[in-house]
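The structure under discussion appears below in the form of structure tokens.
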Amino acid sequence: MSIWIVLKLIGSLALLMYGMKSMSESLQKMAGPQLRHVLQAMTTNRFTGMFTGAFVTAAVQSSTATTVMTVSFVNAGLLTLAQAISIIMGANIGTTFTAWIMSTGFTFNITDLVWPAFFIGLLLIYSKTRRIIGDFLFGVSFLLLGLGTLKMTGTDMHLEQISAVTDFFKSFEDGYLSYFIFLFIGGVMTVCVQSSAAVMAITMTLCATGVMPIYLGIALVMGENIGTTVTSNIAAMTANTQARRAAFAHMFFNIFGVVWIMFIFRSFTDMVCSFVGYNPEHPNPMLLPFVLATFHTSFNVINTMILIWFIPQIEKIACKIITSPRTQEEEEEDFRLHFIQTGLMDTPELSLLEAQKEICNFADRTQRMYGLSCELLEEKDDTAFVKLFSRVEKYEQISDNMEIEIAKYLDQVSDLHLSDETKAKIRAMMREISEIESVGDSCYNIARTINRLHSSKEVFTEEQLNHAHQMLSLTNDALTQMNILMKGRKDYLNANRNFNIEIEINNFRDQLKEQNINDLGDHKYSYAIGSIYIDLINECEKLGDYVINVVEARMGIKQRD
């Protein structure tokens, strides 16, 4: 075997993997945020969730993309773990579409389709409005070129004439020990190359050349199913509890399928062969890629039909095995990014999804910080007050750190090849995190103002206290509406409620300032108490302004002077 053929083999695999990645990225860009909305909207029960996972994965040609989006929604509380499991089951079915694309490539000289696609793609790339379609065509072309070159290289190698290769496969007896060995090899190969599609292409090539028996090829395919879940579990090791549970459920699903299929391995494989018209006694190597694709689809469909009825039980198993090491309060008060801690995603679209979820988490934490600041006004016990104030200070540090880390992540994303629309999204997100951090600063200033009151050993009058509670309640309404807006679909957003609350806050602030002057003139309380009181009211009004700035950034409204 010449070094040239080996280089062609490696290069064709690299082309195939790059083409698959490029095609998946461009499909995700074309679909845009609609994919996320489909995942959210079409999961009313386990069956719609399964069909949604299958449809989205087949559409974007990436089960990883579907799984990442699903886990993000689980972490954000938009999907339950049970809904996520049904989507992941569907993703296992959707990913089998890739095997059918590859099997088709082994039936004729598929590279004939590549050159016109390259030419059309090149023309579209230079079109500003159709550039993504051009990227998609280039991805498909690279995929088909890699597949066609792999097929031709496998033929040119004449593996069936190399005694060392044929003797290697003949050395494995037709029994379960051999099946388990190749199952293990398939899993290890998938983990090493980080692509089940590449391992599937190698398996089809070996089977199509006639050197690998169909039973060993199918054992490799089952190993690929387990190997791809190992990758997701490794990636989830540094993620939060729900992400690890979703990854575990994915592994459980595939391992369970492999276990039951091994009990009926020969009979099930013979049944699949009969579907395709392949006779192991009189083998036709050209049909073997279709046998592998049919097995892959049948295995995942039947496995899903069995396990979809046991989703609650799988959820319980995942929760029992993957336990949360800390209480919710400890999780909240520990600086830990939930969505972007594992690095950039495969595409800018997914990276921005992760960043947006992290920004929503940032905004939620800020409102929790505000709630703690408000509690200080009611706390009379010195020890409890100091402990509560320390928690607010810790939240302030978290707020500063989150702004820096999210900004760093967005800066990394901005270094990628981005469309003008994506660049605009990043600028808006940068503005959002800056304003949310200002909201956090304002929350801390409210806590410091109340701390001044507590240290002075004086108290607000009953009227001041009532007015302060009214202002704090209005400000909390503003934060609540801000967080609703942050999590909503941009094309359905309506900020009128936010602007109305801001007007109420401003008017109430003006009214209280004027009343404060009159009350000081009537000697209802000391100037020191009046000063702390107005500082608290003014800080609430400032916080309301920052909230409006966040809303405007989310809505894409130009920043006010």
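In the stretch 351-371, which residues have a backbone nitrogen under 20 Å from the label point lying 7 Å from Arg131's Cα in the Cα-to-Cβ direction? Taking a point 7 Å out along Cα→Cβ of Arg131, the residues of the stretch 351-371 whose backbone N falls under 20 Å are 351-353.
Given R0 = 56 Å, the distance between the Cβ atoms of Val6 and Lys457 translates into a calculated FRET efficiency of 0.10.
Projected label points at Ile306 and Ala14, each 7 Å from Cα along the beta carbon direction, are separated by 4.1 nanometres. Summary of packing: across the peptides 216-222, 545-551, 259-265, 501-507, the per-residue average of other C-beta atoms within 10 Å ranks them, highest first, as 216-222, 545-551, 501-507, 259-265.
On full extension, the segment bounded by Lys320 and Asp411 gains 28.9 nm, given 0.36 nm per residue less the C-alpha separation.
Each label point was placed 7 Å from the Cα along the Cα-to-Cβ direction; for Met286 and Asp270 their separation is 2.7 nm.
In this calculation the C-beta distance from Thr104 to Arg368 is compared with R0 = 56 Å, giving a FRET efficiency of 0.55.
Scalar couplings 3J(HN,Hα) for the stretch 85-94, obtained by applying the Karplus form with A = 6.51, B = -1.76, C = 1.60 to θ = phi - 60°, are 4, 5, 5, 5, 4, x, 4, 5, 6, x Hz; x denotes Gly and Pro. Placing dummy labels 7 Å off each Cα toward the beta-carbon, the span from Tyr527 to Leu122 is 8.2 nm. Each other residue within a Cβ distance under 15 Å of Trp309 adds +1 if Lys or Arg and -1 if Asp or Glu, for a net charge of +1. For the stretch 349-383, trypsin sites (Lys or Arg not before Pro) meeting the loop criterion (DSSP other than H, G, I, E, B) and having at most 14 other Cβ atoms within 10 Å: Lys380.
Throughout, read-outs are computed from the coordinates displayed, never taken from laboratory work. Just so it is clear, the structure is predicted and the values come from calculations on it, not from any experiment. Every residue, glycine as well, gets a Cβ built from its backbone with ideal geometry; the counts of neighbours run over all protein chains shown.
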